[in-house]
Amino acid sequence: MVSDPYLGKYTTCISARSTDREILKKAQDGGIATTLMVYALEEGIIDGTIVAGEGDLPWKPRPFVAMSRKDILKAQKAKYNISPQISWIKEATRSFGLDKVGVTGVCCQIQAVRKAQLYPINMRDIPGKIAFVVGLFCMENFLYDSIQAIVEDHTNQSLSSVEKMRIGKGKFQVYTERGNVATAPLQATHKYGQPGCYVCLDYVSNLADISTGSVGSPDGWSTVFVRTRVGNDIWSKAVDAGLFETKPIEEVKPGLELVMKLAKIKLDGNRKTLEERRNFGVNKALRDPYA
Ligand code: FAD
């Protein structure tokens, strides 16, 4: 087990992609999140999973409980705005009656799942019912208005014409239905990030059973951290079943070095922000304790 202050605990870090053509075709990256949840469902490890599906506006996600392969596939691709996954946990167990819940989400959501398991205030029946947690890497997320402004004002595309969004190589990239790629410098998007993202101390979903993201692996592949006993069991069986093509992370470019670099940028930067806020808070309190 590796234990790293930036990348968390993990038993395996690997580059991988799904061998399922239907999943790969619509995947954000290597289709890891979807393939894992479909496998867990088909093996009876979960009886449903909370995913970020399509909402009522283009690219506005809506969490829902997927209980079939078809529904899990409906949630493919990253929607770079908030999908309140955690608000569906109680729904999953109470309204849908699930005993083995799968959850996919970004780092802060995975932290919330683990907190709900440790301190199940108002979530009494939840701790034992979280069966499998897949986390996504996340530098920052946006509000819907912000993603609309990024796409429409900075890349001059309408959200309804977008086929896929990607963040990579210093650019926010928008792929349109007509096959065009419009980009905006990543720098231009930072002012739209949610304030909460700038105090978050997790880049690679350290608390998930398995976490995955694009950074570190070639296009169409994913970087995968296998972290827990549950994750290890599912990952090794899925690989043995031929569900993934894999390559040692040391053999791909840009590799783990880039994951580490970005994790340091996020965590060190956000620690500084937290420290500044703490100092500001103390000084303010000293000036006016009742403010
Ligand atoms: P697919 O098979 O395409 O499935 C997508 C999965 O993502 C589904 O399970 C769906 O439920 C889930 N999902 C989609 N949108 C959301 C959302 N808004 N909130 C919660 N879950 C969602 N990767 C990096 O390497 N670096 C980053 O900085 C980074 N930032 C990200 C920021 C956000 C807001 C999101 C949503 C993802 C980010 N990712 C990042 C992860 C990356 O974009 C892919 O989501 C990840 O690699 C999974 O790809 P896949 O092909 O395995 O998933």
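The values are calculated or read from the model by the stated rules, or taken from the named source; none is laboratory data. On a predicted model such as this, the values are computed, not experimentally measured, just so you know. When we count neighbours, we look across all protein chains shown, and the Cβ atoms used for this are built from the backbone with ideal geometry, even at glycine. Areas reflect the complete protein model, heavy atoms only, side chains present, ligands, DNA and RNA absent. Shrake-Rupley method; radii C 1.70, N 1.55, O 1.52, S 1.80 Å.
One table, with the values for the structure above:
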{"read-out": "DSSP beta bridge pairing in the chain, given as percent antiparallel to the nearest 5", "value": "75"}
{"read-out": "Among the listed pairs K129/K247; K115/K171; K74/K237; K70/K90; K60/K253; K9/K191, those beyond 26 Å (Cα-Cα)", "value": "K129/K247; K115/K171; K60/K253; K9/K191"}
{"read-out": "Cα gyration tensor, the range 6-140 - rounded (a/c under 1.5), prolate or oblate", "value": "rounded"}
{"read-out": "Rounded, prolate or oblate (a/c below 1.5 giving rounded, otherwise prolate when a/b exceeds b/c) for the chain by Cα gyration tensor", "value": "rounded"}
{"read-out": "Most to least accessible of S158, S3 (protein chains only, probe 1.4 Å)", "value": "S3, S158"}
{"read-out": "Whole-number D in µm² s⁻¹ for the range 160-226, Kirkwood Cα-pair radius fed into Stokes-Einstein, 25 °C, 0.890 mPa s", "value": "174"}
{"read-out": "Residues of the range 103-202: accessible area per residue with a 1.4 Å probe, Å²", "value": "50"}
{"read-out": "Calculated [θ] (222 nm, deg cm²/dmol) that DSSP helices of n ≥ 4 give over the chain, each run adding -39,500 (n - 2.57)", "value": "-9500 deg cm²/dmol"}
{"read-out": "Sequence of C108, C13 from largest to smallest accessible area, 1.4 Å probe", "value": "C108, C13"}
{"read-out": "For the range 229-280 and the range 54-79, distance of Cα centres in Å", "value": "24"}
{"read-out": "Around S217: net Lys/Arg minus Asp/Glu count, Cβ-Cβ under 14 Å", "value": "-1"}
{"read-out": "Whole-percent carbon and sulfur share, accessible surface of the chain, 1.4 Å", "value": "53"}
{"read-out": "Antiparallel DSSP beta bridges within the range 1-141, as percent of all bridges there, nearest 5", "value": "50"}
{"read-out": "Separation between Cα centres of the range 124-193 and the range 1-46, rounded to whole Å", "value": "20"}
{"read-out": "Probe 1.4 Å, accessible area per residue of the range 1-54, Å²", "value": "44"}
{"read-out": "Most fluctuating residue given options R271, R21, R227, as computed from a GNM of the chain linking Cα atoms under 10 Å", "value": "R21"}
{"read-out": "For the range 196-248: rounded, prolate or oblate by the Cα gyration tensor [a/c cutoff 1.5]", "value": "oblate"}
